[in-house]
Amino acid sequence: MPQQRKSTTSRPADWDPVLRALLFWSFVGVALLLFAACLLLPEWRQTEQYAARLEARQRRVDELRRRVVAQERTLEALRSDPLIIARLAERELRYRRPDEEEVFLPASTANIVQEGMRVPEFAPAAVGYLPPWLAARLPRGSWIRVFYDSPDREVCLTMAGVLFVTAFWIYPPQRRPQAGRRTRHKPRRA
């Protein structure tokens, strides 16, 4: 009766193919994720920049349309409203009626009045490169630039390629014998 060798590890022998497959697919998965990040994030960034530019131009177009409508109203009022014409003559041409008195305000008071009449401008919303649910779970900072800036991106792509090749080199796929095919090993006789 042949003696059986004792296993030096505590895991069963049938775990070896499972562990090999798990490690192989882990290497391949990490390589594919790194490769996908290096390919997709620059495109996503460019799309976000285009969207931000488009939104800024659309706001500018809307602002110009509002100004055109306001100028059309002013033009129509100048054509038809004598009260507006009188106010414009007083303001622009400094026309005064004989019974009116002109009052000058000190420069500091004039600035306060002008600042109080200024309409606040709203800054456009910042365009993010990641969805909020993902951005909340990632560390703050410019780590995402690693995937689209020139020297770092090439390093990441090289790492992805090396991981992929390493997965096939360390854990090459094993062929399973098919039914009806001869195997190299002869079956043991009892």
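The values are calculated or read from the model by the stated rules, or taken from the named source; none is laboratory data. These numbers were taken from a predicted model, which means no experiment stands behind them. Please note: Cβ atoms are built from the backbone with ideal geometry, for glycine as well, and neighbour counts cover all protein chains shown.
Odds and ends about this structure:
- Taking first residues from the stretch 11-29 that are small (Gly, Ala, Ser) and partners that are modelled with pLDDT of 80 or more and surrounded by 12 or more Cβ atoms within 10 Å (Cβ to Cβ), the Cβ contacts under 9 Å between residues at least 6 apart in sequence or on separate chains come to ALA21/TYR171; SER26/ALA167.
- Just so you know, in the stretch 31-41 the residues that are modelled with pLDDT of 85 or more and either more than 23 Å from PRO173 (Cβ to Cβ) or among the hydroxyl-bearing types (Ser, Thr, Tyr) (or both) include one that is surrounded by the fewest Cβ atoms within 10 Å (Cβ to Cβ), and it is LEU40.
- Verdict on ARG175 being at pLDDT below 75 and in a loop (DSSP other than H, G, I, E, B): yes
- Of residues in the stretch 157-174 being under 33 Å from the mean Cα position of the chain (by Cα), surrounded by fewer than 17 Cβ atoms within 10 Å (Cβ to Cβ) and of a type in the set (A, V, I, L, M, F, W, C), the one nearest to CYS38 (Cα to Cα): LEU157
Rundown of residues vs (1) at pLDDT below 85; (2) surrounded by 12 or more Cβ atoms within 10 Å (Cβ to Cβ); (3) not small (Gly, Ala, Ser), yes/no style:
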{"site": "THR8", "(1), (2), (3)": "yes, no, yes"}
{"site": "PRO17", "(1), (2), (3)": "yes, no, yes"}
{"site": "GLY29", "(1), (2), (3)": "no, yes, no"}
{"site": "ARG53", "(1), (2), (3)": "no, no, yes"}
{"site": "ARG60", "(1), (2), (3)": "no, no, yes"}
